[in-house]
Amino acid sequence: MGYVGLTLAASLGEIGLQVTGIERNPITVDQLRTGSAHIHEVGLQPLIKRLIGQGSLRISSDMSDAEGCTVFIISVGTPIGADGQIDLSALAAAAASVATVMPPGALVSLRSTVKVGVTRGLVRETLAASGKPFDLSFCPERTLEGRALEELRRLPQIVSGLTEEAAIRSSRLFSRITPAIVRVSSVETAEVIKLVDNTHRDITFSISNEIAQFCDTAGIDAIEVIRQGAQGYERTNLPMPGPVGGPCLSKDPYIFVESFRRGDQAPQIAATARAVNRSVPAHLAKAAFNWLERAGGATRTPRILLLGMAFKGRPETDDLRGTTTLDVRDALASTFAGAQFLAWDPVVRPEAIEAIGVDAEARLEDAFEGADLVVMANNHPIWSSLELSRLAASMNRPALVYDLWNNFERRTLSLPTGVTYMSLGRHCNPVDGTAPV
């Protein structure tokens, strides 16, 4: 009952199906049973409350409570392990649990992101060990966090099956909530489509991040290059540079590479793009240190404020999985010996931030006080509306505000004397504070 499972369960319950959600975290189970969603997703909270109240959605930690179900959808996490390879232990356990309770002829649909061959291999073999007949499909999740309920009703659903019957049954199921079904010829094709979706996005972001870093080195405004170069020229359409992480983009390119590695051969573009995107925090740390050193503030132990702990801000989420803000923290900690870190996020609760090892402040005004460096680490729309001049007035001097997402238009900025604003791709064009304190 994570982001994928809970939003799908709610969507299926909303159309009148009886849904049982299995979740192994007892705290999450207790919270959901009260009708309270444990994740931030537009429209999810009132829907969960209604479905729980009317009995359309039941939550349990006991797989035996799924007895009587005829359709089983597996949506457990498949993280990257310490060895850099996909960790399929949760998926193997989930498949084994399904095998124990599914009735003969059940439809089992895999929704977790996997490397190529896992559906036909691990999952099929685990289910087959039960001796029961079953239909198995792979129907990948493709929604955007923050818009999951909307996109489940709008995006075409990729459907594949080990057999024609499995594909037909899955098509009938998902056609009840999605406007179009896209049938593909094999489960392996569907597995690759899911991996390509996120690998392509990661590669696209890496181009902008490489441009930004090289332009910073050359003294050129990368944002002008990206924006003005695209004026009336549709063939160049680059995103804004910035850190790239989250539970999908920081993971799926590695799974893509793992899927196609053969001896000393492996996809090179995907691996290189991931390396470029992972280099952004180090680029920031070096720039911030060089600026503070020139300004005379590098001799003191800095107090660093991280704004935005969720892995993204548009659309907003409270998901901390794969957040690059921790990578930013680590890069700065390696550069500034003894640095003190504080964080604030408009969506993530302070206790959730502290649970991942970063001190959190409840009030934004208090967070700015005494800071030497403020880093805007994600692209939440709230940043562009901040009264930066007022907030920065309580920072130390000299002080730097570094914006990893270019949230501000420079011509509108008015900063106190001694405070400088700098952003990724625009190191050549900082804004120095001249307003009286």
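What to note about this one:
- Value of [θ]222 nm, deg cm²/dmol, for the chain, DSSP H segments ≥ 4, -39500 (n - 2.57) each, nearest 500: -12000 deg cm²/dmol
- The order of the peptides 300-312, 10-22 by mean Cβ neighbours within 10 Å, most packed first, is 300-312, 10-22.
- Over 32 Å between alpha carbons, listed pairs LYS49/LYS115; LYS115/LYS286; LYS132/LYS312; LYS194/LYS286; LYS49/LYS312; LYS132/LYS251: LYS49/LYS115; LYS115/LYS286; LYS132/LYS312; LYS194/LYS286; LYS132/LYS251
- 3J(HN,Hα) from dihedral phi, segment 28-37, Karplus parametrisation 6.51/-1.76/1.60, rounded to Hz, x for glycine, proline: 5, 4, 4, 5, 5, 5, 7, x, 10, 6
- Shape call, segment 280-432: gyration tensor on alpha carbons, a/c limit 1.5: rounded
- The slack between ALA92 and SER60, meaning 0.36 nm per residue of separation minus the straight C-alpha distance, is 9.6 nm.
- Percent of beta bridges antiparallel (DSSP, the chain, rounded to nearest 5): 15
- Counting only alpha carbon atoms, the long axis of helix 324-335 and the longest principal axis of the chain meet at about 40°.
- Rounded, prolate or oblate (a/c below 1.5 giving rounded, otherwise prolate when a/b exceeds b/c) for segment 3-185 by Cα gyration tensor: rounded
- Percent of beta bridges antiparallel (DSSP, segment 3-185, rounded to nearest 5): 15
- Rounded tilt (10° steps) of 44-54 against the dominant C-alpha axis of the chain: 30
- Using Cβ point charges alone (K and R +1, D and E -1), the dipole size of the chain about the Cα centre works out to roughly 700 debye.
- Distance between the pseudo-spin-label points of ASP83 and PHE214 (7 Å out from Cα toward the beta carbon): 3.7 nm.
Bear in mind these aren't lab numbers, they're just calculated from the coordinates by the rules spelled out. Note that this is a predicted model, so its numbers are computed, not measured. Positions of Cβ are generated from backbone atoms using ideal geometry, with glycine treated the same way; all protein chains shown enter the neighbour counts.
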